[in-house]
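None of the figures in this text is laboratory data; all of them are computed from the coordinates on show. Nothing here was measured: the structure is a model prediction, and the numbers come from that model. For neighbour counting, all protein chains shown are included, and Cβ atoms are generated from backbone atoms with ideal geometry for every residue, glycine included.
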Amino acid sequence: MTADALPRSRNFVGRGGIRLAADVWGRASDPPLVLLHGGGQTRHAWARTGPRLAALGWRTIAPDLRGHGDSAWSADGDYDLDLFAGDVRAIAAQVGDRPVLVGASLGGLSSLLAAGEEPAVAVRALVLVDVAHRPDPRGFRRIVTFMRRDPDGFAEVGEAAAAVSAHLPHRPRPSDPEGIRTNLRRRGDRWVWHWDPRMLDSFEGRMDPPGMAERLLDAARHADVPILLVRGGSSDVVREEVARQFCAGVPKARRVDVAGAGHMVVGDRNEHFLDAIVPFLAETA
């Protein structure tokens, strides 16, 4: 890894004063771009994406969402989607200069509400990574089931890597299972996932509550900025017809599919993901 690829650490203050850890690449004078990971991920999901975008002239910021990674957990165990949206608003205000928001799954939902509902944060554009207004409940349930599995953790890191490989069988197994250590924390003599397990109750309640699809579509329209929906070509969370409906219902939205990628587009096909978003980002710059 070159020196330019190494991130700088920064803390942000989210809604209610919560501490949010982040990695930052690029020059302070460059236009800002915020990378927001999905539920159950960390900022390290963008470890290959962040430096590449910085090399293209973007000041790139990748925070851990509340309850994830090195960021603080909600003291009361509340992980309502509006709290995540409030954190995105707070981060964008501290970054300044109308950032582009690139949000995967939970990060994308939070970005939509932050940019399209009051108090709306000013942004240049939105990139939604395999998230639209209505998830496929089967794909969504598969993710939550995986996150609930192994609540007592693992005896060694390799066991966790094997669990991820079983969950994502389309991906080649990593040559070095130690790479997953950034998604784990030590508890006694066990390795456990980095997230607050109380968060999963909120996730299950978010599967498709009444009125949420209309709310997200309204937010996308009211954001009134260019929106790129990047769908995994093999996604089991955003069906092709739902992606079509989203773009038909949001005048400034367009769509690109990344062939061979599932819901975790960046982890599955990072180079193809970059190929999909770089022309769109060039227009916003």
> Excluding T284 itself, what net charge comes from residues whose Cβ is under 14 Å from its Cβ, given Lys and Arg +1 and Asp and Glu -1?
Replying inline: +1
>> I want the local charge near V258. Using Cβ-Cβ distances under 9 Å, sum +1 for each Lys or Arg and -1 for each Asp or Glu among the other residues.
In response: -2
>> Just want the ordering: T145, T284, from fewest to most Cβ atoms lying within 10 Å of their own Cβ.
In response: T145, T284
> Rounded to the nearest 5, what is the percent of antiparallel bridges among the DSSP beta bridges in the range 1-108?
Replying inline: 60 percent
>> Under a Cβ-only charge scheme (Lys and Arg +1, Asp and Glu -1), can you give me the dipole magnitude of the range 179-279 about the Cα centre, in debye to the nearest 20?
In response: 340 debye
>> Suppose every Lys and Arg Cβ carries +1 and every Asp and Glu Cβ carries -1, with no other charges. What dipole size does the range 1-49 come out with about its Cα centre, to the nearest 20 debye?
In response: 160 debye
> Summing Lys, Arg as +1 and Asp, Glu as -1, what charge do residues with Cβ under 9 Å from the Cβ of L228 carry, L228 excluded?
Replying inline: +2
>> Suppose we keep just the DSSP beta bridges with both residues in the chain; what percent of those would be antiparallel, to 5?
In response: 40 percent
>> Run through the range 184-285 and list the trypsin sites (Lys or Arg not before Pro) located in a DSSP loop whose Cβ has at most 14 other Cβ atoms within 10 Å.
In response: R198
> For G67, which sequence-distant residues (separation of 5 or more, or a different chain) have an amide H within less than 5 Å of its own amide H, given hydrogens modelled in the peptide plane?
Replying inline: A72, W73, S74
> Which distance in Å, rounded to a whole number, links the C-alpha centroids of the range 21-100 and the range 122-154?
Replying inline: 17 Å
> Given charges of +1 on the Cβ of Lys and Arg and -1 on the Cβ of Asp and Glu, with all other atoms neutral, how large is the dipole of the range 1-149 about its Cα centre, in debye to the nearest 20?
Replying inline: 440 debye
> Ordered by residue, what ³J(HN,Hα) values in Hz, to whole numbers, does the range 12-27 give under the Karplus form 6.51 cos²θ - 1.76 cosθ + 1.60, where θ = phi - 60° and Gly and Pro are x?
Replying inline: 10, 10, x, 4, x, x, 5, 8, 10, 7, 8, 10, 9, 10, x, 8
> Ordered by residue, what ³J(HN,Hα) values in Hz, to whole numbers, does the range 28-42 give under the Karplus form 6.51 cos²θ - 1.76 cosθ + 1.60, where θ = phi - 60° and Gly and Pro are x?
Replying inline: 4, 7, 7, x, x, 9, 10, 9, 10, 6, x, x, x, 9, 9
> Can you pull out the trypsin sites (Lys or Arg not before Pro) in the range 1-87 that DSSP calls coil and that have at most 12 other Cβ atoms within 10 Å?
Replying inline: R27
> If you rank V250, V24 by fewest surrounding Cβ atoms within 10 Å, what's the result?
Replying inline: V24, V250
> Dipole of the chain (Lys/Arg Cβ +1, Asp/Glu Cβ -1, origin at the Cα centre): which of L168, L281, I143 lies farthest to the positive side?
Replying inline: L281
